[in-house]
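In what follows, a structure is listed as structure tokens, so that the remarks can point back to it.
The values are calculated or read from the model by the stated rules, or taken from the named source; none is laboratory data. From a predicted model like this one, the values you see are computed outputs, not experimental measurements. FYI the Cβ positions are ideal-geometry reconstructions off the backbone, even for glycines, and counts take in every protein chain you see.
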Amino acid sequence: MAEFLAAYPDVDVHLSLQDRAVNLLEEHFDVALRIGALADSSLIAARIGEICRVACASPAYLRGRGTPKTPDDLSRHDCISFPPTQSPSIWRFKRDQTEYTVPVRSRLVVSNLESSSDAARAGVGVAIVFSYHVADLIKSGELALVLQDYQPTPLPVNFVYSPNRFMPAKLRALLDFALPRLKAQLVDVQKCIAPMSVRK
């Protein structure tokens, strides 16, 4: 957003960061960034790509509790859940074409993903977070990936906006500016996470 504001000095932006699907018309938003499957609606979607979710924990936690090798091992671990992306009692994973559904005990349920990655780093337990939240923490060794062969299904990422016969110039400028940059960032995060995954 800082780059966009520098490139378009005549455009002002009101940025609202919320972990819920806003109603664009009722709440007067021009565009939203949505992660996850889109509900049927009259909104127009501009696909950015997919984002991976990864399971991770602090090295100290794993030294004390052991490293889960399969999703079933999570029954012996403390978990950290963020309900919009997974249930506090059931986590889902995928390996090849097989899906795994396992019961978990969420010792901590949080209302945003930043808190989830912070709690994992503090040693609270195993968390499932978006790869972009933890890429730097994994590179620095503050968090370690677990269950790499059983990553949850990636989620689609889209810009959504209301259909309008005449798209406002500021919205067109934002989409043209942000789409290629966000696509590139998702690819860069994948490159950061992928080499640390052991794939068979």
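Taking the residues in the stretch 157-174 that are among the hydrophobic types (A, V, I, L, M, F, W, C) and in a loop (DSSP other than H, G, I, E, B) as candidates, determine which candidate is modelled with the highest pLDDT.
First pass over the stretch 157-174, keeping only residues among the hydrophobic types (A, V, I, L, M, F, W, C): 157, 159-160, 166-167, 169, 171, 173-174.
Then keep just the ones that are in a loop (DSSP other than H, G, I, E, B); that gives 166-167.
Values: 166: 78, 167: 83.
This residue is 167.
Checking the conditions here, which among 73, 30 is among the acidic types (Asp, Glu) and modelled with pLDDT under 95?
Unique residue meeting the criteria: 30.
What's the number of the only condition in (1) surrounded by 19 or more Cβ atoms within 10 Å (Cβ to Cβ); (2) outside any loop (DSSP other than H, G, I, E, B) that residue 47 fails to meet?
Among (1) surrounded by 19 or more Cβ atoms within 10 Å (Cβ to Cβ); (2) outside any loop (DSSP other than H, G, I, E, B), the lone unmet condition for residue 47 is (1).
Residue-by-condition table, conditions (1) touching a helix residue (DSSP H, G or I) at 6+ places or on another chain (Cβ under 6 Å); (2) under 20 Å from residue 143 (Cα atoms); (3) surrounded by 12 or more Cβ atoms within 10 Å (Cβ to Cβ):
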{"residue": "36", "(1), (2), (3)": "no, no, yes"}
{"residue": "43", "(1), (2), (3)": "no, no, yes"}
{"residue": "58", "(1), (2), (3)": "yes, yes, yes"}
{"residue": "67", "(1), (2), (3)": "no, yes, yes"}
{"residue": "71", "(1), (2), (3)": "yes, yes, yes"}
{"residue": "101", "(1), (2), (3)": "no, no, no"}
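For residue 38, indicate whether it is in contact (Cβ under 8 Å) with a residue 60 or more places away in the chain and not in a helix (DSSP H, G or I).
Answer is yes for this residue.
Is it the case, given these coordinates, that residue 21 is among the aliphatic types (A, V, I, L, M), free of Cβ contacts under 8 Å to residues at least 40 places away in the same chain and outside any loop (DSSP other than H, G, I, E, B)? Spell out how you get there, then give the answer.
Numbers: among the aliphatic types (A, V, I, L, M): yes; free of Cβ contacts under 8 Å to residues at least 40 places away in the same chain: yes; outside any loop (DSSP other than H, G, I, E, B): no.
Answer is no for this residue.
Could you list, in sequence order, all residues of the stretch 108-145 that are farther than 28 Å from residue 16 by Cα and in contact with a His (Cβ under 9 Å, 6 or more places away or on another chain)?
Residues satisfying the conditions are 125, 126.
Every residue, every condition in (1) touching a helix residue (DSSP H, G or I) at 6+ places or on another chain (Cβ under 6 Å); (2) of a type in the set (S, T, N, Q); (3) surrounded by 17 or more Cβ atoms within 10 Å (Cβ to Cβ); (4) in contact (Cβ under 8 Å) with a residue 12 or more places away in the chain, yes or no:
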| residue | (1), (2), (3), (4) |
| --- | --- |
| 119 | no, no, yes, yes |
| 126 | no, no, yes, yes |
| 132 | yes, no, yes, yes |
| 147 | no, no, yes, yes |
| 150 | yes, no, yes, yes |
| 157 | no, no, yes, yes |
| 162 | yes, yes, no, yes |
| 171 | no, no, no, yes |
